[in-house]
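In what follows, a structure is listed as structure tokens, so that the remarks can point back to it.
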Amino acid sequence: MRFDRNLTPHSPSAKERVESALREWPSIIQGGMGIAISHWPLARAVSLAGQLGVVSGTSIDSVLLRRLQDGDVGGHMRRALAASPWPDLAEQVISRYFRPDGRMPNQPYLRLPLWTLGSNRWQETLAMLGGFVEVWLAKSSHAGRVGINLLTKLALPNLAVLYGAMQANVDVVLMGAGIPREIPGALDRLADHEPASLRCEVAGMPSAESPLIRFDPRSYEGASQVPLRRPAFFPIISSYSLALLMAKKATGKVQGFVIEGPTAGGHNAPPRGPKRYDSAGQPVYDERDAVDLDAVAALGYPFWLAGGFGSPDALETARAQGAAGIQVGTLFAYCAESGMTMDLKKQAVATVRASSVAVRSDPQASPTGYPFKVADIEGTLSNQALYDARERVCDLGYLREAYLNPAGEVGFRCAAEPVNAFVSKGGRAEDTEGRKCLCNGLMATAGFPQYQSSGTVESPIVTSGDAIGQIRALLTPGSDTYSAQDVIDYLTRGRST
């Protein structure tokens, strides 16, 4: 996807619409980077600075459990759990998982069972509490706005996470990696404490026959039944056609869009045309992937541009093209407040100072089949030898695909699981080539690496936007770090907003 970066003036009506949006929303949205890179300290810092801080809801149940098992440094998890509307459930979680002295060296983390359509109430409880804790901490003791980012393809925990986040008064929900058409209606129902459901897409089954993922807030006693404030919903899109679908055919109202190009980190939308690859094996995007911003603007919703917009000039360009502002991830990913381990951040900064960090759009890395940006940083799964040496295991399972087995039952498989297991579930062996366990890799990137029974520890994987070199502008001589406030000051340089 490419955006027209010419500073072409737009009509007065478009300008008025943008000005109206800016009276309600900040011009900068901090990207919702998972797993736990956009954790609550980062979102809180951005929100305190007057912009929209965003927490990642990806795998938030496992993140909560691992923080508790690591001793809950600072007591933040227990403080937030004590503030939840479900004190009895919170106490059960603390009793089961909190370890005052943390884990023993090389001791594996306790894990939840893998999510399925029949997942039990305990899994649902942890997802709900995880969403509450992360948002509550990000919003603690200030009046700034905070959003939560979820992946549409990680559908099984999403309703529970959303309800927990709404109990913590989340302001915005952002979702990409799929078509979140059912989410606006689900938010409407959850705000009234009504049961909500989503379709679970199943390979080999017509979409209309897909089973439902259900969540019933009424099954949780203790929370007030006063209607919750329904958060705004900003789907993350990559085309005008998807914007039109969400505006006209979603199950409820959207309040804006984030339009993301393929230079952004994490998962990207695949090219809209025939599959073509460059000499480095990266998918090739062309004019068919360009977004008609005038057409999107004509729908009447504010929008923010993402993917390569992490600079002051890009903010001005976005405004000139009718956008309310920009979403920025990469610059925040390496700042002091992000959840990436300090060692990885320092290594990335040192590499950028010395030369540059290669970022590759890998069409095979993600088990989802979506292109996934991988930064080439030493000691991570971008290293082929580390990837080859890793024993394939799927023990978190958030990115698994639902499929219809020969018995007519819904099962789950992951292209990053052991090859024999994947093939036994009807998968093709060639679809496993190059697939990386993003669940375990991204957990390690955030400082929660699993110690496997084989005696090995999971290696991290770092995703980054193409503009990682832009962090040079934030580094002062002799320093290897910068703050979220530094990012905002840089992006708004010379502006009053």
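The values are calculated or read from the model by the stated rules, or taken from the named source; none is laboratory data. Here the structure is a predicted model, which is why all the values come from computation and not from measurement. Neighbour counts are summed over all protein chains in view; Cβ atoms, including those assigned to glycine, are modelled from backbone coordinates with ideal geometry.
Observations
- Residue satisfying condition, being surrounded by 22 or more Cβ atoms within 10 Å (Cβ to Cβ), within 20 Å of SER238 (Cβ to Cβ) and aliphatic (A, V, I, L, M), within set ALA314, ALA323: ALA323
- Conditions (1) over 20 Å from LEU475 (Cα atoms); (2) aliphatic (A, V, I, L, M); (3) in contact with a Phe, Trp or Tyr (Cβ under 7 Å, 6 or more places away or on another chain): number failed by VAL374: (3)
- Residue check, ALA306 of a type in the set (Gly, Ala, Ser) and either within 30 Å of GLN347 (Cα to Cα) or without any contact (Cβ under 8 Å) to a residue 12 or more places away in the chain (or both): yes
- PHE372 meets the conditions (1) at pLDDT 85 or above; (2) hydrophobic (A, V, I, L, M, F, W, C); (3) closer than 26 Å to GLN485 by Cβ in every case but one. The failed one is (3).
- For segment 139-153, taking the residues that are within 18 Å of ILE237 (Cβ to Cβ) and at pLDDT below 95, the one that is surrounded by the fewest Cβ atoms within 10 Å (Cβ to Cβ) is identified as THR152.
- Complete set of residues in segment 218-253 that are modelled with pLDDT of 95 or more and out of contact with any Asp or Glu (no Cβ under 9 Å at 6 or more places or on another chain): PHE233, PHE234, PRO235
- Flag if LEU344 is at negative phi, of a type outside the set (S, T, N, Q), under 24 Å from the mean Cα position of the chain (by Cα) and in a helix (DSSP H, G or I): yes
- When residues in segment 139-166 are screened for being aromatic (Phe, Trp, Tyr) and assigned to a loop (DSSP other than H, G, I, E, B), 0 of them pass.
- Pair list, Cβ under 7 Å, 6 or more apart: segment 205-226 residue free of Cβ contacts under 8 Å to residues at least 60 places away in the same chain and within 19 Å of GLY131 (Cα to Cα), other residue of a type outside the set (Val, Ile, Thr) and in a helix (DSSP H, G or I): PRO217/TYR163; PRO217/LEU190
- When residues of segment 254-266 are limited to those that are touching a helix residue (DSSP H, G or I) at 6+ places or on another chain (Cβ under 6 Å) and at pLDDT 90 or above, the one surrounded by the most Cβ atoms within 10 Å (Cβ to Cβ): PHE257
- Among residues of segment 441-485, those that are under 14 Å from LYS346 (Cβ atoms), buried (at least 23 other Cβ atoms within 10 Å of the Cβ) and touching a Phe, Trp or Tyr at 6+ places or on another chain (Cβ under 7 Å), counted: 1
- Counting only strands (runs of 3 or more DSSP E) that sit wholly inside segment 167-262, those with at least 3 residues that are under 25 Å from LYS373 (Cα atoms) are 172-176, 232-237, 257-260.
- Flag for LEU174 being surrounded by 24 or more Cβ atoms within 10 Å (Cβ to Cβ) and in contact with a helix residue (DSSP H, G or I) (Cβ under 7 Å, 6 or more places away or on another chain): no
- Positions within segment 356-395 being among the charged types (D, E, K, R) and in a loop (DSSP other than H, G, I, E, B), in sequence order: ASP376, GLU378, ARG390, GLU391, ARG392, ASP395
- Residues that are farther than 24 Å from TYR398 by Cα and under 22 Å from the mean Cα position of the chain (by Cα) within segment 78-131 comprise just one, ALA80.
- Segment 367-415, residues that are polar (S, T, N, Q) and either in contact with a helix residue (DSSP H, G or I) (Cβ under 9 Å, 6 or more places away or on another chain) or within 30 Å of GLN123 (Cα to Cα) (or both): THR368, THR380, ASN405
- Residue list for segment 350-391, restricted to those being within 19 Å of GLU417 (Cα to Cα) and in contact with an Asp or Glu (Cβ under 6 Å, 6 or more places away or on another chain): PHE372, SER382
- Taking segment 167-197 as the range and being of a type in the set (D, E, K, R) and within 24 Å of ALA82 (Cα to Cα) as the test, the residues that pass are ASP171, ASP192.
- Taking the listed residues ARG272, ARG353, the one that is over 21 Å from GLY57 (Cβ atoms), assigned to a helix (DSSP H, G or I), out of contact with any strand residue (DSSP E or B) (no Cβ under 6 Å at 6 or more places or on another chain) and at pLDDT below 90 is ARG353, with no other qualifying.
- Selection over segment 486-497 of residues that are within 19 Å of ALA43 (Cα to Cα) and surrounded by fewer than 21 Cβ atoms within 10 Å (Cβ to Cβ) gives a count of 5.
For every residue, the table says whether it meets (1) touching a residue at least 24 places away in the same chain (Cβ under 8 Å); (2) part of a helix (DSSP H, G or I); (3) over 27 Å from ILE213 (Cα atoms).
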site: GLY397; (1), (2), (3): yes, no, no
site: PRO406; (1), (2), (3): no, no, no
site: PHE412; (1), (2), (3): yes, no, no
site: ALA415; (1), (2), (3): yes, no, no
site: PHE422; (1), (2), (3): no, yes, no
